[in-house]
Amino acid sequence: MTDKAIVEERQGEVFTGDKKTSSGKLFYIESYGCQMNFSDSEIVASILGEANYHPTPNLDDADLVLINTCSIREKAEETVRKRLRVFEKSLADKPGSLVGVLGCMAERLKNKLLEEEKLVDLVVGPDAYRDLPTLLADADEGNRGVNVFLSREETYADISPVRLNSSGVTAFISIMRGCDNMCSFCVVPYTRGRERSRDPFSIVAEASDLFERGYREVTLLGQNVDSYSWTREGIPQVSFANLLAMVADIHPLLRIRFSTSHPKDITDQVLHTIARYPNICKYIHLPVQSGSSRVLKLMNRTYDQAWYKNKIDRIYELVPDCAISSDIIAGFCSETEADHEETLNIMRYARYSMSYMFMYSERPGTPAAKKYADDVPLEEKKRRLQGVIALQNELSRQHNRKDVGQSFEILIEGDSKRSKEYFKGRNSQNKMVVFRKIPGFKPGDYTKVTIKDATSATLIGVVADKTVEVAMPQ
Ligand code: 5AD
Ligand code: SF4
């Protein structure tokens, strides 16, 4: 499955920055899964910094090895188990080093990890990272530590994340934690707990600080950002639309992105806010999961095909230049060929710019695992997934071809992967654009680029204008 249009969960990225030479111990961290996990690893780095642990990119140097894990599909868990075996080997001649499992697998498997994987010294769930220094001190004394307590309040609002592997241009800001949606296939409500929104003033402070430090794009993260809601006595309720405007008002040169939106929660107020602010990116990740109303009901997505189509219409009506992307699951329980066709139909209807596409993977303890048989044969799941990928490739190609001849404002993120003579950056619609460097430009600058060519994954352009005026909100 090497197709460009499919982007699986991120695989084991390691902090690659400079090793701190100051006194204290060194930790090595690998992160798997969703953006939220990567963002959490930056919170963990901050908490560990307070305890005088500093990040190292070298496993062999580490006193503490952490793996921030994902449970969303079985494959993600298998990858982590393999990595634990690797750690076991490489730390065999290093007595006193500690290994900790963080994140969703820690939450899902709890004590089982300590018992089964003899190498693991710490098991810490997503809401218990503040306890890491205490657990580490205990572990140093030879006591293995577990904290998988899920909180109704924890948002780590007061913690300034240490940006790991940052380009210095784009950053993620976690605005809420957990999920209350209970999609029947999904393990997240069990591993990340109940939904809670973070203090909006701490979000604005974090974004302002990033802007002052030269960052030019923030992505507001949550499992379901459109249900963001913050209330305190004496202060009017802050909705997601309000929050977007508050962050967008920081500076017109700061771009705002957000992810993920649940179709049932995205409001006209949010769409109007996106349309009103030039610095809120015209891009919505709006996972459909399936195009069949019958399957959507089994998935407990709470909308049907017609409702989703209306939402798509509304987005294109209020934000005409918006790009929309999706998550799609192939081969959910009882899915028929006709259901699968409905998925292909809705993809065409929505004209997605890209999609994340997966085969259904039964997760123990979820409503789907309890109620429905995982009855689509693997070969059939694979075939349907291939159909979904092939269609998405074609849709992405069409979407990108429409951009040829147009000019876009691009935020330069750094050198292109293929050549140091080219920059890469994104347009508002979240499309990766590569173009030949011109003197005087650096990452973090905006430039206007005219698109000359396109593949299904990338736009290729030339700089059109040396300066870009960024419009103020109307
Ligand atoms: N099997 C396959 N894909 C899943 N996702 C969530 N749970 C599962 C599962 N059990 C997908 C959904 C979700 C994305 C983050 O991962 O498409 O939107
Ligand atoms: Fe899982 Fe659904 Fe929540 Fe997304 S919205 S995290 S798919 S339960």
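Any idea which of Ser361, Ser419, Ser353 is closer than 28 Å to Gln35 by Cα, at pLDDT below 95 and not hydrophobic (A, V, I, L, M, F, W, C)? Every option except Ser419 fails the conditions. Scanning segment 332-376 for residues that are assigned to a helix (DSSP H, G or I), within 15 Å of ligand 2 (Cβ to nearest atom) and buried (at least 20 other Cβ atoms within 10 Å of the Cβ) yields a single hit, Ala368.
The one condition from (1) touching a residue at least 12 places away in the same chain (Cβ under 8 Å); (2) more than 18 Å from Ser202 (Cα to Cα); (3) of a type outside the set (S, T, N, Q); (4) not in a loop (DSSP other than H, G, I, E, B) that Leu150 does not meet is (4). Taken as a whole, the structure leaves Asn111 outside the set of residues that are polar (S, T, N, Q) and assigned by TED's automatic domain parsing to the domain that holds Pro367.
Please verify whether Glu212 is buried (at least 21 other Cβ atoms within 10 Å of the Cβ), under 24 Å from Ser428 (Cβ atoms), away from ligand 1 (no atom under 15 Å from the Cβ) and in the same structural domain as Ala248 (by TED's automatic domain parsing), treating the condition exactly as stated. The answer is no for Glu212. Here Ser71 fulfils each of the conditions (1) within 15 Å of ligand 1 (Cβ to nearest atom); (2) at pLDDT below 90 apart from (2).
Out of segment 179-224, which residues are among the polar types (S, T, N, Q) and more than 24 Å from Asp374 (Cα to Cα)? Across segment 179-224, the qualifying residues are Ser197, Ser202, Ser208, Thr219, Gln223, Asn224. For first residues located in segment 274-289 and in the same structural domain as Ser355 (by TED's automatic domain parsing) and within 18 Å of Asn427 (Cβ to Cβ), partners that are polar (S, T, N, Q) and assigned to a helix (DSSP H, G or I) and lie 6+ apart or on another chain with Cβ distances below 9 Å form the pairs Ile280/Thr273. Within segment 391-450, the set of residues being among the small types (Gly, Ala, Ser), closer than 30 Å to Ala330 by Cα and assigned to a loop (DSSP other than H, G, I, E, B) comprises just one member, Ser428. For residues that are over 18 Å from the mean Cα position of the chain (by Cα) and assigned to a loop (DSSP other than H, G, I, E, B), scanning just segment 195-214, find the one that is nearest to ligand 2 (Cβ to nearest atom). In this case the residue turns out to be Asp199.
The values are calculated or read from the model by the stated rules, or taken from the named source; none is laboratory data. Computed from a predicted structure; not experimentally measured. Neighbour counts run over all protein chains shown; Cβ positions are idealised from the backbone, glycine included.
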